[in-house]
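Undergrad: Quick one: structure below, then a few questions.
The values are calculated or read from the model by the stated rules, or taken from the named source; none is laboratory data. All of these numbers come straight from a predicted model, not from anything done at the bench. Because the Cβ atoms are built from the backbone with ideal geometry, glycine has one as well, and the counts that use them run over all protein chains shown.
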Amino acid sequence: MDFKPYIRVIDDFPQPGISFKDITTLLKDGKVYREVIAELARRLEGKQIDVIAGPEARGFVIGAPLAVALGIGFIPIRKSGKLPGETIEADYALEYGKDKLAMHKDAIQPGQKVLIADDLLATGGTIATSINLVKQLGGDVIGAAFLIELLELNGREKLGGIEIESLVQY
């Protein structure tokens with residue numbers, strides 16, 4: 001299925017020069033949203049994945065239902081100050097700013113095979129930081145899955161050669 005027609009592109013958001021890929025138009029169509037998750041699950045079939053981790057916030061809308069589809073757990077990677085337990089944190093640069101991500105210290109068990117899931121791979125900063133957090137906890141990042149990949153931003157290059165699945169490329 002071609003998912004691109006269900007994604008709205010908004011130019012100059014959140015600042016001039018950015019072409020924002022708005023997935024809310026896809027998410028509101030239950031059949032298409034379900035097919036996105038089903039297609040990612042098909043592509044990941046047979047891979048050894050113990051848990052999926054996804055960065056706040058749109059990583060939750062891809063990662064959590066994908067974890068349910070695969071019958072495994074989901075671990076949220078949150079912005080600093082949002083998790084109630086003991087955390088580890090890391091700073092990262094967005095394509096249009098900076099932020100900090102956090103995970104609970106007990107979220108990943110050493111040796112667990114972790115897939116990172118998010119809506120979009122752009123510059124790779126958010127995902128590289130997510131990978132770093134998982135590795136700090138002893139997890140083995142076996143790949144990443146995305147709805148969208150912005151090819152011209154070369155985000156894959158920051159991810160250390162892990163296997164990547166993306167459904168829509170711009």
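Undergrad: Sort through LEU66, LEU115, LEU151, LEU121 and tell me the only one that's surrounded by fewer than 22 Cβ atoms within 10 Å (Cβ to Cβ), touching a strand residue (DSSP E or B) at 6+ places or on another chain (Cβ under 7 Å) and among the hydrophobic types (A, V, I, L, M, F, W, C).
TA: Residue meeting the stated conditions: LEU151.
Undergrad: What helices (runs of 4 or more DSSP H), lying completely within segment 14-84, carry at least 3 residues that are touching a Leu at 6+ places or on another chain (Cβ under 6 Å), at pLDDT below 95 and over 24 Å from GLY138 (Cβ atoms)?
TA: Hits in segment 14-84: none.
Undergrad: Right, here's the next one. Within the set of pairs 6 or more residues apart or between chains, which connect a residue that is within 15 Å of PRO14 (Cβ to Cβ) and of a type outside the set (A, V, I, L, M, F, W, C) inside segment 88-101 to a residue that is part of a strand (DSSP E or B) and modelled with pLDDT under 85 with Cβ atoms less than 9 Å apart?
TA: Qualifying pairs under 9 Å: LYS98/TYR92; ASP99/TYR92; ASP99/ALA93.
Undergrad: Going by the structure shown, is ILE10 of a type outside the set (Asp, Glu) and closer than 14 Å to ILE131 by Cα?
TA: Taking the combined requirement at face value, the residue does not satisfy it.
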